[in-house]
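Read the structure below first, then the notes.
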Amino acid sequence: MSGSSGQLTSRIDWISVGLYALFVLLGWMSIYSAIFNPESPLGLTDAAFYTSNAGKQLIWIGTSFVLIMFIFALDFRFFESFAVFIYGFFILMLIAVPFLGVTINGSHSWFKFGSATIQPAEFAKTATALLLAKYLNDPQVNLGRFKDQWRAALIIALPILLIVGSNETGSALVFVSFIILLYREGLPSAYPSILLGGIFLFVSALMLEPLTIFLILLFFAIILVVLMPIYLQRMWQTYVKLALGISVIMSLAMVVEWVVNHVLKEHQRNRIKVLLDPGFDPRGLGYQVTQSKIAIGSGGFWGKGYLGGTQTKFDFVPEQSTDFIFCTIGEEFGFFGVSVVVILFMVFLWRLMYLADLQRSRFARAYGFGVVGILFFHFLVNIGMTIGLMPIMGIPLPFLSYGGSSLWSFTVLLFIFLKLDSHRSDMLSR
């Protein structure tokens, strides 16, 4: 027994484990700094400490290590064998939460157990990654075929619809990251291109008037025609395609404008307004982003030192322990500190991609790229929110933000993959 345990320990990727531990430690230090009061500091022996965010996060961290040991105690085949049941369980939780859950910060997506709250949407990401990986592990599945594409899309779409129904749009958007997994496993490149083009068109439609978009498209169409060989210019089909393309893009741009003005809720429209105009209502709707950028900028190059952040101490930034934890790091450790965090996180993601590519099982490889996609999306959007490049949508920074659901879900997400990776040699290649 001890021999098999020692063999498993030697196969664990300790680089990933070490980076995970480093992020969790830095996150807890930042959460403690956000609640630190120099006039009445709380220690680990103070009962009041465990009612603060730092104290509760310490409990979540301790229970996360229990989860890690539980994951490594399971047979590695468990996750593929029970992927359907895990997915089904969390779909049921998403169905139940509108009826049995509670509302926190305007989102009716939480279950409350005493003083603890759990958000099933966070765990649904892991469940969806597992089922997608299981589906793709079928040798008959080929993402080059439309019928296999829509089945994969259905697996992703079901939790999205349920999460949006709980008014948790930010968590629903994370599921878009699964396109990284699907692309790696054979999805035609046209789909990521359409997604990126759609995002670009959406942003353009928000920033520019329809007439401006039309004139830009017309300008590029004229340039394209002029640069074409003469024999192509004379083909009427070319002009028809260009006219059709411009018509489609203009129609989509007007649809975007209509959706923003008539479909989105007021708080969602306001977030877009703040993104497009950082000076919009700086004492109201734009207050959080404005204070976030002030906090990060005030850190300068080296920062004000640990526990030395004045913006943090006076609680200028709302949700600073959760979605805006990056502000605390920026203020106290400066540009140097946030650069180190960003570089370490990119190294972490690269390491996970490297491990995913080494997998002999398509299930483990696909799941690994699902993990990378989810973590990358959270990392990109969270930091983008804090510096005003992304709309505020309640996306936590993995392993660093305060919150039991997010820490547990990211821990489970990561360590299932590390468990699979530790049994890489035991899996059959497909």
Rounded to the nearest percent, how much of the accessible area of the range 367-430 (1.4 Å probe, protein heavy atoms only) is carbon and sulfur?
71 percent
At 1.4 Å probe size, with the rest of the protein present, what percent of the exposed accessible area of the range 111-188 is carbon and sulfur atoms?
67 percent
Can you give me the C-alpha center-to-center distance between the range 83-159 and the range 338-378, rounded to a whole angstrom?
20 Å
In whole Hz, with x marking every Gly and Pro, tabulate ³J(HN,Hα) for the range 118-134 from phi via Karplus 6.51 cos²θ - 1.76 cosθ + 1.60, θ = phi - 60°.
10, 10, x, 4, 5, 7, 5, 5, 5, 4, 5, 4, 5, 5, 4, 5, 5
The range 16-22 - phi-based ³J(HN,Hα) in whole Hz, Karplus 6.51/-1.76/1.60, Gly and Pro as x
5, 4, x, 5, 4, 4, 5
Result for the range 377-430: accessible area per residue, probe 1.4 angstrom, in square angstrom, of 27 Å²
On a 28 Å Cα-Cα criterion, which of the cross-link pairs K112/K304; K265/K293; K125/K147; K56/K125; K134/K265 come out too long?
K112/K304; K134/K265
Using the Cα centre of the range 40-178 as the reference point, and only Cβ charges (+1 on K/R, -1 on D/E), how large is the resulting charge dipole? Debye, rounded to the nearest 20.
240 debye
If I stretch the segment between L252 and N105 completely, what's the gain in nm (0.36 nm per residue apart, minus their alpha carbon distance), one decimal?
49.7 nm
3J(HN,Hα) from dihedral phi, the range 346-363, Karplus parametrisation 6.51/-1.76/1.60, rounded to Hz, x for glycine, proline:
5, 4, 4, 5, 4, 4, 5, 5, 4, 5, 4, 5, 7, 5, 8, 9, 5, 4
If a paramagnetic tag sat 7 Å from the Cα of K147 along the Cα-Cβ line, which residues of the range 173-193 would have the backbone N under 20 Å from that point?
186-188
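The values are calculated or read from the model by the stated rules, or taken from the named source; none is laboratory data. As the structure is a prediction and not an experimental result, all values here were calculated from the model. Backbone-built Cβ (ideal geometry, glycine too); neighbour counts: all protein chains shown. The accessibility values were calculated without ligands, DNA or RNA, using every heavy atom of the protein model including side chains. Shrake-Rupley method; radii C 1.70, N 1.55, O 1.52, S 1.80 Å.
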